[in-house]
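Okay, so here's the structure we're looking at.
Bear in mind these aren't lab numbers, they're just calculated from the coordinates by the rules spelled out. Since this is a predicted model, take the numbers as computed values, not measurements. Note that each Cβ is placed from the backbone with ideal geometry, even for glycine, and that neighbours are counted across all protein chains shown.
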Amino acid sequence: MAIKERMSGNEAVSYAIRQINPDVMPAFPITPSTEIPQMVSTYIANGEIETEFIPVESEHSSMSAAIGAEAAGARSLTATSSAGLALMWEELLLAASNRLPIVLALVNRTLSGPININCDHSDSMGARDTGWIQIYAENNQEAYDNFIQAYPIAEHTSVHLPVMICQDGFITSHAVENIELMEDSLVKKFVGIYNPEEFLLNPDKPISVGPYSISNYAMEAKKNQEIALENSKAVILEVAKKFKKISGREYGLFEEYRTKDADYIMLIMGSAAGTAKQAVDEMRARGKKVGVLKLRVFRPFPAEEIANALKGCKVVAIMDRCESYNGNGGPLGSEVTSALFCNKIMIDTVNYIYGLAGRDFTVDETKTVFGELEDMVVNGRVPEQYKYIGLRK
């Protein structure tokens, strides 16, 4: 039976952690994710969970401790944001290459400089090629649901990779929304008990974790890691199907919102998808054929699936909440256009940069983007590529 509650995104993730009752959580505080270890440590102090909380001296240490705990056979997690994720960058690659199913609660915040504590996706996008699965939430409900699905994905025998559960700093992490929680027993049964096949503290089968690999073996290890990432697509969908049975909520690699007959589609991630959906509803009421494709899973990148979802429209706005500094667009802009080209879907695209360092992205700005797409098709006016939305003059 669903439990109706009002929670912030950080509260929702912390509640999910309490329900899962993982073995070890090392963490170091950083805004806006600090509340998560704070709340989890309170659950521990109150005797509500048995998790071993490890206060460490830095985010590099928190991921190092999570790697050590996971290698020893303990279900482990941590939480961080922004510069904290950047500081543990070396360890992110080690966690993935050692095939350790750690879960990281990432509360997205811009990376310096200039120093700013508000939301964009520069932290997670900076770590996009570290080998982690990345799943993004639009709202607090999704942050809760995604975290519950994380361990069954990460620990699946055909995956064994770490998972980054991302939500937008302050926008979802601190804003309170109505949410439906599941009963503890249901969550525990869904996530299950962790029984690692290999672990350091098994005296009957000694193993080495993270050994030096000579050239004759390292390339094969990386290929196997890439295969596991590809395998995770099917596992993500399989876990989502099982999750729907217990929650009634449906998830995929992405969500298609009023795209079936859309001439103009906006592809976007995270909390701004809600803004885009509101604009679509208002424009649909005026007869405009517009829609939103909300990307949920960025790694593994669902290239073929996205290309097929977009092939019926006339033009796509690709929205990046991150600057890639390549002089040509953002990370999503590069990935989506590559996906379209490789799958021989030849439709026009326009890449926009929005919401950097917490800059507002409004319904009116969304409508303006759709208007530019329509103007491009109807009147042949090609909009500016790589345009910053809401940039002050």
* Structure fact -> Convex hull around the C-alpha positions of the chain: the volume in Å³ per residue is 148
* Output the DSSP H helices from the chain with an along-axis C-alpha extent of no less than 24 Å and a mean Kyte-Doolittle hydropathy no less than -1.0. => 215-247
* Asked: For the chain, what is the relative contact order in percent, using Cα pairs closer than 8 Å and at least 6 residues apart in sequence?
  -> 16
* Separation in nanometres of the label points that stand 7 Å from Cα toward Cβ, at E282 and F199 -> 5.3
* How high is the relative contact order of region 1-144, in percent, counting Cα pairs under 8 Å that sit 6 or more residues apart? -> 25
* To do: Compute log10 of I(q)/I(0) for region 1-149 with the Debye formula, placing one identical point scatterer on every Cα and leaving out solvent, at q = 0.18 Å⁻¹, to two decimals.
  => -1.07
* To do: Can you pull the one-decimal nm distance between simple spin-label points at K4 and E90, each 7 Å off the Cα toward Cβ?
  => 5.2
* Report, for the chain, the % of DSSP beta bridges that are antiparallel, rounded to 5. => 25
* Structure fact -> Mean projected area (nm²) from the convex hull of Cα positions in region 254-388 is 7.6
* Taking only the C-alpha atoms, wrap a convex hull around region 115-207 and report its volume per residue in Å³ as a whole number. => 150
* Asked: Which of the GluC sites (Glu not before Pro) across region 54-124 are loop residues per DSSP, with 16 or fewer other Cβ within 10 Å?
  -> E57
